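Enquirer: First the structure, which I've put down as structure tokens, then a few questions once you've had a look.
The values are calculated or read from the model by the stated rules, or taken from the named source; none is laboratory data. Everything numeric here is computed off the predicted structure, so don't read it as measured data. In this analysis, Cβ positions are derived from the backbone assuming ideal geometry, glycine residues included, and neighbour counts consider all displayed protein chains. Ligands, DNA and RNA are stripped out before the accessible areas are found, and what is left, the full protein with its side chains, is counted by its heavy atoms. Shrake-Rupley method; radii C 1.70, N 1.55, O 1.52, S 1.80 Å.
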There are 2 protein chains.
Amino acid sequence: MPDVVSLIRVKRDNTRPLTGAEIAWLFAAYAGQTVADEQMAALLMAIYFNGLTTGELRAWTTEMIASGETLDLSHLSRPSVDKHSTGGVGDKVSLILAPLVASCGAAVPQLSGRGLGHTGGTLDKLESIPGWRASLSNEELTRALADPGAVIAAAGAGLAPADRRLYALRDVTGTVESIPLIASSIMSKKIAEGTQALVLDVKTGSGAFMRDQARAGQLARTMVALGAEHHVRTRALVTRMDTPLGRAVGNALEVEEAVKALTGEGPDDLMEVTFALAEHMLELAGITASPAEAIASGRAFDTWQRMIRVQGGDPDAPLPAARQVRHALPAPETGWITGLDALAVGIAAWRLGAGRARKEDDVSHTAGVRCLAKPGDHVRRGQPILELHADDESRFAPAAEALEAAGTVTIGSAPPPRTPLVVSVISAADVADEVGA
Amino acid sequence: MPDVVSLIRVKRDNTRPLTGAEIAWLFAAYAGQTVADEQMAALLMAIYFNGLTTGELRAWTTEMIASGETLDLSHLSRPSVDKHSTGGVGDKVSLILAPLVASCGAAVPQLSGRGLGHTGGTLDKLESIPGWRASLSNEELTRALADPGAVIAAAGAGLAPADRRLYALRDVTGTVESIPLIASSIMSKKIAEGTQALVLDVKTGSGAFMRDQARAGQLARTMVALGAEHHVRTRALVTRMDTPLGRAVGNALEVEEAVKALTGEGPDDLMEVTFALAEHMLELAGITASPAEAIASGRAFDTWQRMIRVQGGDPDAPLPAARQVRHALPAPETGWITGLDALAVGIAAWRLGAGRARKEDDVSHTAGVRCLAKPGDHVRRGQPILELHADDESRFAPAAEALEAAGTVTIGSAPPPRTPLVVSVISAADVADEVGA
């Protein structure tokens with residue numbers, strides 16, 4: 001029987017890779033409480049420093065999946081394909097993408113978590129719709145995947161419970177930011193969910209969890225390799241997250257913008273990312289269809305409405321609105337906006353009440369930020385660039401403070417060059433060597 | 001108020017040193033249970049990788065000391081001087097040194113812990129003397145330091161309790177082997193104990209905790225700097241621990257050898273280290289005296305007898321002996337022994353029952369190893385080099401297994417050159433630059 005202190009030391013000193021049997025023992029012992037949280041925390045920090053080899057990561061992910069139940073979506077008449085984003089400011093793409101891709105014939109089984117930190121959670125956004133509920137039984141899930149074909153719901157407690165416990169531990173021990181741990185956390189849940197195909201949106205830039213583009217690429221490659229390993233057709237897009245996506249940041253504000261996008265009135269940057277992801281999803285699902293046509297025809301919007309109704313929501317009910325709205329961030333000079341920092345706007349929205357600092361916190365459905373102007377727009381000196389929404393007057397001062405830093409907005413004498421938001425696409429073929437033993 | 005996850009991240013990413021206020025907050029929050037063991041474990045592992053700056057280590061040690069009571073030995077009529085060894089195989093030097101240095105006029109307040117692993121603990125050794133008890137009240141301690149002048153006792157729970165808790169945590173989380181954490185653990189207890197001067201025996205070599213000589217030197221320098229910082233006149237000797245010190249390894253066996261040493265019949269290597277440490281201790285205590293003369297005159301032995309009696313022991317009672325004795329490790333060829341691996345012998349003694357694997361374990365007073373021949377001795381092929389002592393027949397096989405590895409004993413055609421056991425001496429002046437700022 002392995003001894004946990006020896007395993008920690010092996011990882012700490014990088015003397016050799018941990019074996020599959022050792023990792024299996026570790027997960028069983030952690031579940032059985034013979035390995036304590038402080039021992040797992042020390043191991044996670046050692047992994048933060050020394051990483052996991054391909055073989056270790058494969059075993060680690062396998063144990064995460066095996067810790068719970070696995071859904072079987074193979075009996076669905078539609079091909080299943082899911083999407084996961086590492087999180088960005090104003091990233092409401094899932095809300096548009098799920099009904100859009102379902103309306104083209106795929107089943108989209110999007111099981112999500114709650115948001116933590118400055119990037120909001122998809123479930124939090126949908127909960128601003130009156131009546132909508134995040135929980136579905138496995139039976140309700142299967143039925144909804146048959147028709148209307150898209151589900152955005154809370155991941156049940158039965159999927160990868162080891163990940164739930166490890167994530168809570170990582171959150172309080174400063175061990176979240178580790179590429180293999182992030183990759184196994186995301187992929188174990190998606191693999192357990194039973195999707196046949198998966199497109200990952202790995203964000204990079206100031207507003208992203210992975211600011212550094214090289215690290216974002218590494219995370220993307222790691223996840224694609226894990227997906228291929230588990231026979232999930234997986235592709236990853238690395239996309240820019242330097243400025244908020246679209247113009248709305250905050251729960252109800254983002255739902256409103258997503259609905260507009262589904263009716264053909266989405267902002268260019270939002271649609272650029274949405275269409276890119278939709279095309280890859282459809283391709284992996286083996287479906288030939290035009291996402292733009294699905295929107296223009298009204299099919300995507302119809303699927304959205306039915307998707308919301310299945311989960312008790314009223315898609316026609318007016319969305320809640322904040323009691324207090326204020327202008328903020330006056331343009332420092334006249335000219336073209338060349339940059340609007342996603343992180344600063346994300347933190348402002350978070351402080352207004354749109355996000356939670358701890359898992360136990362409630363979020364405000366109505367709080368958030370609307371961008372009145374964005375990079376590429378011309379502004380006059382003093383013209384407000386943001387509109388802040390809050391339920392409570394006291395929220396404005398801390399939010400405004402987040403916007404005060406130099407560089408939150410930059411103004412130039414000419415419009416900035418247009419740069420594509422999709423930086424790179426990683427397919428299984430690109431990581432074939434990383435998958436093998 | 002600092003947030004522990006932020007502090008862990010700062011240390012993890014080495015972005016800046018933690019401030020004294022942050023470290024003080026951390027210790028208070030850990031004592032108050034608002035920082036959990038898993039958070040401290042993650043921080044300890046980050047410290048394992050990134051170390052502590054001089055300023056951080058100073059604050060860390062200060063908080064360890066401040067977590068409990070501090071003894072005041074300044075009212076003693078004798079100058080106080082203590083010794084600490086990082087632990088070696090057959091290292092019974094403390095047993096000889098305390099009465100020896102006390103018999104020259106110093107007060108030696110040696111508060112010790114229990115042994116863990118293959119190097120035995122001083123208290124475990126003394127407990128093989130019938131009647132001897134390790135616990136003393138602070139009042140008994142002060143009285144014994146006045147006369148006979150030497151005390152070897154268990155450190156009370158009141159001294160550096162934070163170290164006790166951190167050490168237990170490090171022990172189960174694979175974070176023991178960190179130079180700043182070792183240094184602050186040892187020095188916080190010695191500083192809290194109130195000694196005015198301290199000589200450290202930092203062992204290096206196969207049987208030592210710090211096998212690597214450079215790391216042993218670094219630990220020595222770190223501890224001397226911490227001592228100077230807290231106005232304890234501190235000196236460190238780095239000494240070789242490649243082969244057992246003396247010929248006895250195990251509790252009663254080592255007491256027997258220590259008593260012989262106090263009556264002038266100690267083996268050369270044991271006396272070389274003992275006299276070197278004694279001379280530095282006396283120098284730091286400002287006492288001019290000859291340790292060799294203290295032994296030759298019988299003063300040292302007399303002090304030993306009184307020291308044992310003060311703690312309830314009978315120095316004239318026969319020591320317990322093992323029920324089973326066997327020869328082991330036959331010389332593989334005829335020639336001169338050039339090496340006898342301290343670690344292998346230490347593990348054999350440990351497995352025979354002389355040491356404990358866990359804090360809760362009992363140790364055998366009688367188990368151990370006697371070296372019938374040592375490096376520099378001539379042996380004939382097949383002649384046994386070791387004598388194993390155990391209470392229980394079943395202990396011999398695992399002990400013998402520890403001795404089977406190639407290199408446990410090496411034989412040459414000529415006696416090995418004599419190398420001095422003291423590798424280097426580090427004084428406060430040598431680390432003056434490490435103490436400042």
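Enquirer: Please work out which residue is surrounded by the most Cβ atoms within 10 Å (Cβ to Cβ), limiting yourself to the range A:1-28 and to residues that are acidic (Asp, Glu) and within 11 Å of chain B (Cβ to nearest Cβ).
Expert: Applying the filter and picking the extreme gives A:ASP13.
Enquirer: Turning to a different aspect of this structure: Restricting to the range A:376-398, what's the tally of residues that are over 28 Å from the mean Cα position of the chain (by Cα), farther than 20 Å from A:GLY353 by Cα and not charged (D, E, K, R)?
Expert: Looking only at that region, the number is 5.
Enquirer: Further, regarding this structure: Is it true that some residue in the range A:141-160 is in contact with an Asp or Glu (Cβ under 6 Å, 6 or more places away or on another chain), more than 30 Å from A:LEU340 (Cα to Cα) and modelled with pLDDT of 95 or more?
Expert: No, every residue in the range A:141-160 fails to be in contact with an Asp or Glu (Cβ under 6 Å, 6 or more places away or on another chain), more than 30 Å from A:LEU340 (Cα to Cα) and modelled with pLDDT of 95 or more.
Enquirer: Being of a type in the set (Phe, Trp, Tyr) and either out of contact with any helix residue (DSSP H, G or I) (no Cβ under 8 Å at 6 or more places or on another chain) or over 22 Å from A:ALA155 (Cα atoms) (or both) is the filter here; which residues of the range A:40-77 pass it?
Expert: Those that are of a type in the set (Phe, Trp, Tyr) and either out of contact with any helix residue (DSSP H, G or I) (no Cβ under 8 Å at 6 or more places or on another chain) or over 22 Å from A:ALA155 (Cα atoms) (or both): A:TYR48, A:PHE49.
Enquirer: Kindly establish whether A:MET271 is crowded, with 19+ Cβ neighbours inside 10 Å, closer than 17 Å to A:PRO148 by Cα and within 22 Å of the chain's Cα centre (by Cα).
Expert: Answer is no for this residue.
Enquirer: Looking at (1) surrounded by fewer than 24 Cβ atoms within 10 Å (Cβ to Cβ); (2) within 19 Å of the chain's Cα centre (by Cα); (3) of a type in the set (Val, Ile, Thr), which is the one condition that is false for A:ILE96?
Expert: So A:ILE96 meets the others, but not (1).
Enquirer: Something else: Only one of these conditions is not met by B:ALA429: (1) assigned to a loop (DSSP other than H, G, I, E, B); (2) farther than 15 Å from B:GLY250 by Cα; (3) open to solvent by 20 Å² or more (accessible area, probe 1.4 Å). Which number is it?
Expert: (1)
Enquirer: Then there is this: Does B:THR303 count as at negative phi and either small (Gly, Ala, Ser) or part of a loop (DSSP other than H, G, I, E, B) (or both)?
Expert: no
Enquirer: Further question: Inside the range A:172-225, can you point out the residues that are among the acidic types (Asp, Glu) and at pLDDT 95 or above?
Expert: Correct list: A:ASP201 only.
Enquirer: Limited to the range A:53-67, what total is found for residues that are open to solvent by 30 Å² or more (accessible area, probe 1.4 Å) and either within 14 Å of chain B (Cβ to nearest Cβ) or of a type outside the set (S, T, N, Q) (or both)?
Expert: Qualifying residue count for the region: 4.
Enquirer: State the number of residues belonging to the range B:382-400 that are farther than 18 Å from B:LEU343 by Cβ and outside any helix (DSSP H, G or I).
Expert: 8
Enquirer: Then there is this: When the residues of the range A:209-241 are narrowed to those that are free of Cβ contacts under 8 Å to residues at least 60 places away in the same chain, part of a loop (DSSP other than H, G, I, E, B) and not hydrophobic (A, V, I, L, M, F, W, C), which ends up surrounded by the fewest Cβ atoms within 10 Å (Cβ to Cβ)?
Expert: Checking each candidate, the answer is A:HIS231.
Enquirer: Moving on. Of the residues that sit in the range B:155-176 and are hydrophobic (A, V, I, L, M, F, W, C) and open to solvent by less than 30 Å² (accessible area, probe 1.4 Å), which one is farthest from the other protein chains (Cβ to nearest Cβ)?
Expert: Among them, the one singled out is B:LEU159.
Enquirer: On to the next question. Hey, A:SER103 hits all of (1) over 30 Å from A:ARG370 (Cβ atoms); (2) crowded, with 19+ Cβ neighbours inside 10 Å; (3) over 20 Å from the mean Cα position of the chain (by Cα) but one; which does it fall short on?
Expert: Checking A:SER103 against (1) over 30 Å from A:ARG370 (Cβ atoms); (2) crowded, with 19+ Cβ neighbours inside 10 Å; (3) over 20 Å from the mean Cα position of the chain (by Cα), the one that fails is (1).
Enquirer: Can we say B:LEU100 is within 14 Å of chain A (Cβ to nearest Cβ) and not in a loop (DSSP other than H, G, I, E, B)?
Expert: no
Enquirer: Return the residue satisfying two criteria in turn: it lies in the range B:29-43 and is crowded, with 24+ Cβ neighbours inside 10 Å and in contact (Cβ under 8 Å) with a residue 40 or more places away in the chain, and of such residues it is farthest from the other protein chains (Cβ to nearest Cβ).
Expert: B:MET40
Enquirer: So how many residues does the range A:342-381 have that are of a type in the set (D, E, K, R), at pLDDT 95 or above and open to solvent by 40 Å² or more (accessible area, probe 1.4 Å)?
Expert: Within the range A:342-381, residues that are of a type in the set (D, E, K, R), at pLDDT 95 or above and open to solvent by 40 Å² or more (accessible area, probe 1.4 Å) number 4.
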